[in-house]
Amino acid sequence: MRHSVDLTGPCAPPEREPRAANCGFARGCGDAQPASGLPDDVAALVRDHPCYSEEAHHHFARMHVAVAPACNIQCHYCHRKYDCANESRPGVVSERLSPEDAVRKVLAVAAEIPELSVVGIAGPGDALANPEAAFATLEGIRRAAPDLTLCLSTNGLALPEHVDRLAGLGVRHVTVTVNMTDPAVGERIYPWIVHGGRKVRGREASRILSDRQLQGIARLRSRGVLVKVNSVVIPGVNDAHLPAVARAVRAAGAFVVNLVPLLSAPEHGTHYGLTGQRGPTAEELERVQAAAELDARVMRHCRQCRADAVGRLGEDRFEAYTLSKLPPGPARDARELRAERREVVERARRIAARARAEAVLRVAGAPPDLTARVAVATKGGGLVDQHFGHAHEFLVYDVSRDGARLAGRRATDAYCTGGEGEDDALSVALRALADCDAVLVAKVGRCPQGQLAAAGIEPATGHAFQPIEAAALAWFEGFAARAERGEIVPRTRLGDPAGDATTEAA
Ligand code: CLF
Ligand code: SF4
């Protein structure tokens, strides 16, 4: 069942004129910035960055080098002592690196993963609270592998004084985590900061932090750096406030906003985890994203990476690249290999774009208010090519005659382990996909097939190995035809966001 969505709450989007189907602006007429169709210079900056471009994340990999152990603030959702190889969340890291080791590791990884396009510093503390190590690392990578894009993530407290050096080094992508602009909200997230050599607490701490974050974003923008803002969605603390945060950071010059769910399991040992502060449901997260999207471009494919993550988003290969496992001696220069991989990706992109355009033409006659939600199992590479039982996550797309748009991702446990189906994992997957009309997979076993169908989720293998968006649209073509023949009653129609109708087989 698609859950009903309460759009009357604090995050409800304000009333607005309906948007024309061909309109590229999030707010319809009056918006200052198209949701798509970027200026050429910006398009070039996001094209191969797996976080700044949803499409690029199918093809390109990133790696983080954990050279920044210290932090200058405390967030109630952070506890960096905890480490677990199965854990994927910011701040978690298996080993810390010196700048020299970081450069050595980057070159070793780049020699084996030609789709690597970005190297970032994302902790485990704050990159700019460790400026010597951070800049020595960035400079070393810039010298050794100038074709790799440099990226950095920070809480923003020490950002204003480092903007010029970052820009001078050719860093064009910086993420700032902004969870509030209102200190009354901030004092419930940050117990203290260290500023000017002293510990500051309470609202004053959040006021200083917010001022410096907005100042830093504006300075970065003035130096031509693309700023991504991450905001942690904390129900009952800042969820209602985040649309205002999105407005403020966009006004300061941020390019995209990434709203990520609070992770607060008690075993993580964080203040929120220990005091019972929960994270948002998938539905709550989507509601905040929809409200923020009225004012800013919103990222929906974040995987909340570890500070030592390696590989494409959604795959974690960090264990294969610990220092003790790196090959001895200098790594080979793999620049040519990376250039060849870029050409392969360009060919795949052209094929996917052609398939998408053809599929959009085929669904052009579908009712304008008809929409469906489909989950996709993919190994990466932009194809529907994962077995249902092997999927650890599904990408969820909203599909209509205008195209297929990523709505988010749903993490699950792989149902099939060692050839056996796990009932518990199947229940997790069924819950995760409860609001989907179909799941597109390369293959699916008979048992899960039956249970998916019984839950109102069509298991579809007819689009295996097709590019994702074209596959989703091709499935939608059949869905629209069945709806027209009266064989199904679609549970949602565009303009009926409550989505509380049910799908019924005729
Ligand atoms: Fe890393 Fe962050 Fe750069 Fe990406 S991650 S520093 S912008 S290269 Fe990406 Fe990971 Fe989400 Fe970050 S998926 S947590 S947004
Ligand atoms: Fe942890 Fe990052 Fe917050 Fe510092 S800024 S306390 S490293 S989450």
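Would you pick out the residues in region 319-363 that are surrounded by 12 or more Cβ atoms within 10 Å (Cβ to Cβ), of a type outside the set (A, V, I, L, M, F, W, C) and more than 23 Å from Val118 (Cβ to Cβ)?
Those that are surrounded by 12 or more Cβ atoms within 10 Å (Cβ to Cβ), of a type outside the set (A, V, I, L, M, F, W, C) and more than 23 Å from Val118 (Cβ to Cβ): Arg354, Arg356, Glu358, Arg362.
Return yes when Gly170 is surrounded by fewer than 21 Cβ atoms within 10 Å (Cβ to Cβ) and within 16 Å of ligand 1 (Cβ to nearest atom) and no when it is not.
Working: surrounded by fewer than 21 Cβ atoms within 10 Å (Cβ to Cβ): yes; within 16 Å of ligand 1 (Cβ to nearest atom): yes.
Yes; evaluated as a whole, the condition is true for this residue.
Would you be able to tell me the number of residues in region 281-312 that are more than 16 Å from ligand 1 (Cβ to nearest atom), in a helix (DSSP H, G or I) and either over 21 Å from Arg431 (Cβ atoms) or more than 15 Å from the chain's Cα centre (by Cα) (or both)?
Number of matching residues: 5.
Filter region 166-181 down to the residues that are away from ligand 2 (no atom under 16 Å from the Cβ) and touching a residue at least 40 places away in the same chain (Cβ under 8 Å), then identify the one that is nearest to Gln213 (Cα to Cα).
Per the criteria, the residue is Thr181.
Quick check: anything in region 189-210 within 16 Å of ligand 1 (Cβ to nearest atom), more than 30 Å from Leu337 (Cα to Cα) and modelled with pLDDT of 95 or more?
Residues of region 189-210 that are within 16 Å of ligand 1 (Cβ to nearest atom), as a first pass: none.
No, that holds for no residue.
Can you tell me how many residues within region 185-221 are touching a residue at least 60 places away in the same chain (Cβ under 8 Å) and in contact with a helix residue (DSSP H, G or I) (Cβ under 7 Å, 6 or more places away or on another chain)?
Here is the first cut: in region 185-221, the ones touching a residue at least 60 places away in the same chain (Cβ under 8 Å) are 188-195, 205, 209, 216-217, 219-220.
With the extra rule that they be in contact with a helix residue (DSSP H, G or I) (Cβ under 7 Å, 6 or more places away or on another chain), the set shrinks to 190, 192-193, 195, 209, 216-217, 219-220.
Qualifying residue count, region 185-221: 9.
Go through Ala240, Ala251, Ala246, Ala184 for me and flag whichever is surrounded by fewer than 17 Cβ atoms within 10 Å (Cβ to Cβ), touching a Ser or Thr at 6+ places or on another chain (Cβ under 9 Å), on the phi < 0 side of the Ramachandran plot and not polar (S, T, N, Q).
Numbers: Ala240 fails: touching a Ser or Thr at 6+ places or on another chain (Cβ under 9 Å); Ala251 fails: touching a Ser or Thr at 6+ places or on another chain (Cβ under 9 Å); Ala246 fails: surrounded by fewer than 17 Cβ atoms within 10 Å (Cβ to Cβ).
Being surrounded by fewer than 17 Cβ atoms within 10 Å (Cβ to Cβ), touching a Ser or Thr at 6+ places or on another chain (Cβ under 9 Å), on the phi < 0 side of the Ramachandran plot and not polar (S, T, N, Q) holds for just one of Ala240, Ala251, Ala246, Ala184, which is Ala184.
How many of the residues in region 313-324 are within 29 Å of the chain's Cα centre (by Cα) and not in a loop (DSSP other than H, G, I, E, B)?
Taking region 313-324 as the starting set, the residues that turn out to be within 29 Å of the chain's Cα centre (by Cα) are 313-323.
Adding the requirement that they be not in a loop (DSSP other than H, G, I, E, B) leaves 318-321, 323.
Number satisfying all stated conditions: 5.
Within region 132-146, does at least one residue satisfy the condition of being over 29 Å from Met63 (Cβ atoms), in contact with a Gly (Cβ under 9 Å, 6 or more places away or on another chain) and away from ligand 2 (no atom under 15 Å from the Cβ)? Reasoning before the result, please.
Filtering region 132-146 down to residues over 29 Å from Met63 (Cβ atoms) leaves none.
Looking through region 132-146, none of the residues is over 29 Å from Met63 (Cβ atoms), in contact with a Gly (Cβ under 9 Å, 6 or more places away or on another chain) and away from ligand 2 (no atom under 15 Å from the Cβ).
When only residues in region 194-250 that are within 24 Å of the chain's Cα centre (by Cα) and hydroxyl-bearing (Ser, Thr, Tyr) count, which is farthest from Pro261 (Cα to Cα)?
Once the filter is applied, the top-ranked residue is Ser210.
If I go through region 257-285 residue by residue, how many of them are closer than 29 Å to Val42 by Cα and surrounded by 21 or more Cβ atoms within 10 Å (Cβ to Cβ)? Even if it seems obvious, please write down each step before you answer.
Restricting attention to region 257-285, the residues satisfying the condition of being closer than 29 Å to Val42 by Cα are 257-261, 285.
Checking which are surrounded by 21 or more Cβ atoms within 10 Å (Cβ to Cβ) leaves us with 257-259.
Residues in region 257-285 being closer than 29 Å to Val42 by Cα and surrounded by 21 or more Cβ atoms within 10 Å (Cβ to Cβ): 3 in total.
Which condition number does Ala404 fail, the rest of (1) part of a helix (DSSP H, G or I); (2) crowded, with 21+ Cβ neighbours inside 10 Å; (3) small (Gly, Ala, Ser) being met?
Among (1) part of a helix (DSSP H, G or I); (2) crowded, with 21+ Cβ neighbours inside 10 Å; (3) small (Gly, Ala, Ser), Ala404 violates only (1).
Checking Arg312 against (1) in contact with a strand residue (DSSP E or B) (Cβ under 8 Å, 6 or more places away or on another chain); (2) within 15 Å of ligand 2 (Cβ to nearest atom), only one condition comes out false. Which one?
(2)
Given the conditions (1) buried (at least 18 other Cβ atoms within 10 Å of the Cβ); (2) within 20 Å of Phe465 (Cα to Cα), and given that Asp316 satisfies all but one, which numbered condition is not satisfied?
Answer for Asp316: the failing condition is (2).
Please enumerate the residues belonging to region 419-454 that are under 23 Å from the mean Cα position of the chain (by Cα), under 16 Å from Gln386 (Cβ atoms) and not β-branched (Val, Ile, Thr).
Ala429, Ala432, Leu433, Cys436, Ala438, Leu440, listed by residue number.
Does Leu452 fit the bill of being surrounded by 17 or more Cβ atoms within 10 Å (Cβ to Cβ) and at pLDDT below 90? Outline the logic, then answer.
Working: surrounded by 17 or more Cβ atoms within 10 Å (Cβ to Cβ): yes; at pLDDT below 90: no.
So Leu452 fails the test.
Just to be sure I understand the filter: pairs with C-beta atoms under 7 Å, separated by 6 or more residues or on different chains, first member in region 145-165 and surrounded by fewer than 24 Cβ atoms within 10 Å (Cβ to Cβ), second member of a type in the set (Phe, Trp, Tyr). Which pairs pass?
Arg165/Phe135
In region 367-385, what residues are in a strand (DSSP E or B) and closer than 19 Å to Ala432 by Cα?
Restricting attention to region 367-385, the residues satisfying the condition of being in a strand (DSSP E or B) are 370, 372-376, 383.
Within region 367-385, Ala372, Arg373, Val374, Ala375, Val376 meet the criteria.
Which condition from (1) within 16 Å of ligand 1 (Cβ to nearest atom); (2) of a type outside the set (A, V, I, L, M); (3) touching a helix residue (DSSP H, G or I) at 6+ places or on another chain (Cβ under 8 Å) is the one that Asp126 breaks?
(3)
The values are calculated or read from the model by the stated rules, or taken from the named source; none is laboratory data. For clarity, every value in this text was computed on a predicted model and none was experimentally measured. Every residue, glycine as well, gets a Cβ built from its backbone with ideal geometry; the counts of neighbours run over all protein chains shown.
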